[in-house]
Structures are given as C-alpha cells and as structure tokens.
Amino acid sequence: MNWKSALFASVLVSSLALPSHASDWPQFRGPGGAGVSALTNMPLKWSGDADIAWKTALPGPGSSCPAVFGERIYLTCFTGYGMSKETPGEMTNLTYHLLCIDARDGKIIWDRAVKAVTPVVEYKSQVTLHGYTSSTPAVDDKGVVVFFANTGVCAWRHDGTQVWATSVGAKTHNWHSGTSPVLYRDTVIVNACIESGSLIGLHRETGARAWSVGDIVMSWSTPLIVDIAGRAEAVVMSKGMIRACDPLTGTLRWTCTGIDDYICLSPVAANGVVYGIGARRNEAMAVRAGGSGDVTASNVLWRVRKGSNVSSPVWYEGNLYFANEKEATVYCIDASSGEVKYEEKLAPSTGLIYASPLVADGKLYYVSRENGTFVLPASPVFKVLAQNRIAGDGSVFNASPVPLAHGRLLLRSDKALYCIKAGK
C-alpha cells in the first residue's frame, strides 16, 4: 500500500468509527440499560438561563431520550403530521428525523429525514401524549441505529451516511411503538412486538435478519442484556411472560411467568437478578436469571403489589427505585426481599411521570411531564432535595434525563433539548 492509499484508508476508517468514552450514554437508560451514571458534580438546582449551558430548539416533537457518544448527541423527533391536536395535518406527510448534535454547544451537526410508512395510528387519543418517536437511538463506534416503528430499523455512520434500512414488520397500534434497539456485539436486537409480534436480531453491518423469536404479546419493553457468569442473555418482558434468549442466535434459554397485562417499561438487572415492574396491576417482581426451561417455580424471588405502568425502575446499592406515573408516588424497595422501604408522594400537583429515573452523583432524578424535575437522595430515606422547573418553558417532558460529561444533565422536552450546567 502506497502512502496515498494508506492516507485514504485512514480517512475512511475515521469517517466510519469514533472512539468511545467512559461517560457515553449509548442506549436507552445508558450502559447496560441500568439508568445509573458514575459522573459526579451533577446539578441539584436550576431554573433560569444562568443554569443552562445551552438550549437547542428541535424541528419537531418526540419522546425519545438522547443517546451520547463522545461529543455527539443523537436524538429523534418527527415533523409533517401531529404537530397539534387541532390541526394534525396530513398523515402522509409524517417524517421521522435523526439529529446529530454537538454536546459542547448544542448545535445541530446534521439532520437526516426519513419519510414514514403510512398509515400509522391517527393523531388522537393516547398517541398524542407521546407522539411518533418514542424509541431511543443505540450508538457504538460504527454509528447509530434507530427504530422507526413500521417504517423499519435504520443505521447511519457518524458522518450522517445511511448504511442500511430494514423492515421488522408492517403492523401498527393505537399507542404506536415505543421500544428501543439494543446493540450486542455484531447484533442489533429489536422488540418488534407491535410490528410483527417478534423479538428480532439483525446483523449490525447489513441489517439482514439473523434470528427471530415469535409470540411476543403486548410489549413496549426494551430488551435487556444480562451477563450470567460469562453467558449473555437477552431478556424481554411481555404480557404474562419473561423470556431470555441467546442474543446472538435467538435460542430460548428460559421463561418465567411475568405480569399479566401489557408491559411498557423495561427491566433492570443486578447481581444476576432481573427486576421487572409494570402494568395497570402495579406489580413488581424479581427473578434470578440463568437456568433453562420454565424457571417460575425455582427462580422467582419475590412479587409485591407495587409498581408503575410506564416509568422503568432503577437499581442502586441494593434498592429498587421507581415512580408510579399517575399518582406521582415514588417507591424504594429492598431488592433482596421486596420489602417496601418507602412509598411517598412527590408533591400534590406533580402530575404524570412517564420518564424513567436516573441515579447519578448520589442523586435520584425524576422528570415529570409538566411540573419539573424532582431530585431526591439515592438512599432509602425519602426527602425531596429540589423541584426544578425551567422558567418560561410550558412544554411536555416525556424523556428520561441523561447525564453528560463534566457534570452536566440533558433534559428533552417536545420542543427543545436542554443542557443543564454542572453542580455548584
């Protein structure tokens, strides 16, 4: 290889891949889907411009969370249809967007538009609460992968070049789609319950289907990768069932009787135990991962009638934390026994909570849809340290908060992306 060829190869590689960082938040709920960050000096209180590092107006609304890779933030939104209940527009104009945003100053580096496959559910009733882009991107050194419901799964390089797009099913639902893709080695794992009733593995490089597991029922839950003594399991919750599969082949490892209702939230895992909450039944349960076949009788550790229908839990230092979305009641449960350590209302006028909690710097962040962000200590002692509202912003916040390097915090509304300054 001569020096010109070597230089071209070097430039090509640099355009295809970017280095990872310890502070990356590469998927829904961050590394391992845990919702826990090791960053310090995180903000406690904020309100006005003096507390905001930057604000980026978004082309359209959405409920997906930011994914962070180095100095880049990836976020989805939609335009063309569903901009308001009164005048939603023409459904055939619905367009999805993937934004690449500079984490340093909030400037949009590139915006890639994808024309939606229609029809989708009409913009009325429940879908107006969250819109058409609820799926958080998944990112690695090769680029970013996004799930746009029945339009398909799409992959881009970091320079904005689209690599592939593939369908995972044509069906839709009155609540639209909400699960996020997960990357494991050379496989993209997607819960396409709404689109085809399947959990699907795609080849990371090409988008070709690697495997499929059927009979996934009434699930908007993002899959979780759990490591059991060096053996990886892709765990997915659905109505009445928890399944664990080999993430590379789709081979079924074990099943467990789950929560008998539709499932919106995503599970978490710690020390080989999977924790799931959910549904209108307001249940929580713990099941030890591993094993084979039906492990309901052998591996279920506890069940309690406390839970949430939308917001996912977070495990931290032996306790499980979550919020009931309608009552704005927050819980701390002993992860080993299921004992309720506290059950408290955040405030009389909190309203709905759709976002999942974040633990960072010893703090527990709960984002409400319309009444700000509540900060609590990440401990089994209930105390509201702060309730933070961004002055002048009356928009809706559905996305979970995301930590950013240097102690900053990302908050996404249906109008803008905010970067809150580090703690003082």
(request) Kindly list the number of the only condition in (1) within 24 Å of T179 (Cα to Cα); (2) of a type in the set (G, A, S); (3) at pLDDT 95 or above that fails for S84. (result) (3)
(request) Consider only pairs whose beta carbons are under 7 Å apart and that are at least six residues apart or on different chains; among these, list those whose first residue lies in segment 260-288 and is farther than 10 Å from R303 by Cα and basic (K, R) and whose second residue is assigned to a strand (DSSP E or B) and modelled with pLDDT of 95 or more. (result) R288/V273; R288/L301
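So that you can scan it fast, the table gives a plain yes or no per residue for (1) crowded, with 23+ Cβ neighbours inside 10 Å; (2) farther than 24 Å from C193 by Cα; (3) over 20 Å from the mean Cα position of the chain (by Cα):
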position: G250; (1), (2), (3): no, no, yes
position: R253; (1), (2), (3): no, no, yes
position: Y262; (1), (2), (3): no, no, no
position: V274; (1), (2), (3): yes, no, no
position: R281; (1), (2), (3): no, no, yes
position: A284; (1), (2), (3): yes, no, no
position: A289; (1), (2), (3): yes, no, yes
position: S298; (1), (2), (3): no, yes, yes
position: R303; (1), (2), (3): no, yes, yes
(request) Would you mind stating whether I228 is β-branched (V, I, T) and modelled with pLDDT under 95? (result) yes
(request) Answer yes if at least one residue in segment 270-285 is at pLDDT below 95, among the hydroxyl-bearing types (S, T, Y) and either out of contact with any Cys (no Cβ under 6 Å at 6 or more places or on another chain) or closer than 17 Å to G33 by Cα (or both), and no otherwise. (result) no
(request) Residue by residue through segment 146-173, note down the ones that are hydroxyl-bearing (S, T, Y) and at pLDDT below 95. (result) T172
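For (1) touching a strand residue (DSSP E or B) at 6+ places or on another chain (Cβ under 9 Å); (2) of a type in the set (K, R), each residue gets a yes or a no:
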| residue | (1), (2) |
| --- | --- |
| K85 | no, yes |
| M91 | no, no |
| T95 | yes, no |
| K115 | yes, yes |
| A155 | yes, no |
| D159 | yes, no |
| T166 | yes, no |
| G169 | yes, no |
(message) Among the residues of segment 361-379, are any over 25 Å from T257 (Cβ atoms), buried (at least 21 other Cβ atoms within 10 Å of the Cβ) and either of a type in the set (S, T, N, Q) or in contact with an Asp or Glu (Cβ under 7 Å, 6 or more places away or on another chain) (or both)?
(response) yes
(request) Return only the number of the condition from (1) under 20 Å from Y354 (Cβ atoms); (2) in contact with a strand residue (DSSP E or B) (Cβ under 8 Å, 6 or more places away or on another chain); (3) in contact (Cβ under 8 Å) with a residue 40 or more places away in the chain that F382 does not satisfy. (result) (1)
(message) Can you go through S337, S308 and tell me which one is more than 23 Å from E370 (Cα to Cα) and either free of Cβ contacts under 8 Å to residues at least 40 places away in the same chain or in a loop (DSSP other than H, G, I, E, B) (or both)?
(response) S337
(message) When you scan segment 91-111, do you find a residue that is in a loop (DSSP other than H, G, I, E, B) and farther than 23 Å from D159 by Cβ, even just one?
(response) yes
(request) Kindly indicate whether any position in segment 173-193 is within 23 Å of C77 (Cβ to Cβ), assigned to a loop (DSSP other than H, G, I, E, B), more than 16 Å from the chain's Cα centre (by Cα) and hydrophobic (A, V, I, L, M, F, W, C). (result) yes
(message) Of everything in segment 138-185, what is surrounded by fewer than 23 Cβ atoms within 10 Å (Cβ to Cβ), within 21 Å of Y262 (Cβ to Cβ) and polar (S, T, N, Q)? Give them in sequence order.
(response) N150, T172, N174
(message) Here is a list: Y418, Y366, Y354. Which entry is modelled with pLDDT under 95 and closer than 29 Å to V127 by Cα?
(response) Y354
(request) Would you confirm whether any residue within segment 374-387 is polar (S, T, N, Q), touching a Pro at 6+ places or on another chain (Cβ under 8 Å) and not in a loop (DSSP other than H, G, I, E, B)? (result) no
(request) Would you please name the residue that is modelled with the lowest pLDDT, looking only at residues in segment 1-31 that are within 30 Å of V268 (Cα to Cα) and surrounded by fewer than 17 Cβ atoms within 10 Å (Cβ to Cβ)? (result) A17
(request) Would you point out the residue of segment 305-338, among those that are at pLDDT 95 or above and acidic (D, E), that is surrounded by the fewest Cβ atoms within 10 Å (Cβ to Cβ)? (result) E317
(request) Collect the residues in segment 340-358 that are of a type outside the set (S, T, Y), in a strand (DSSP E or B) and surrounded by fewer than 23 Cβ atoms within 10 Å (Cβ to Cβ), keeping them in residue-number order. (result) V340, K341, E343, E344, K345
(message) For the structure I just gave you, tell me whether T118 is in a loop (DSSP other than H, G, I, E, B), at pLDDT 95 or above, of a type in the set (V, I, T) and surrounded by 24 or more Cβ atoms within 10 Å (Cβ to Cβ).
(response) no
(message) Cβ-Cβ under 8 Å, sequence separation 6+ or interchain: first residue in segment 45-66 and assigned to a helix (DSSP H, G or I), partner modelled with pLDDT of 95 or more and surrounded by fewer than 16 Cβ atoms within 10 Å (Cβ to Cβ). Which pairs?
(response) D51/K45
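The values are calculated or read from the model by the stated rules, or taken from the named source; none is laboratory data. Remember, predicted model here, so these are calculated numbers, not experimental data. Here the Cβ is made from the backbone with ideal geometry for all residues, glycine too, and neighbour counts use every protein chain on show.
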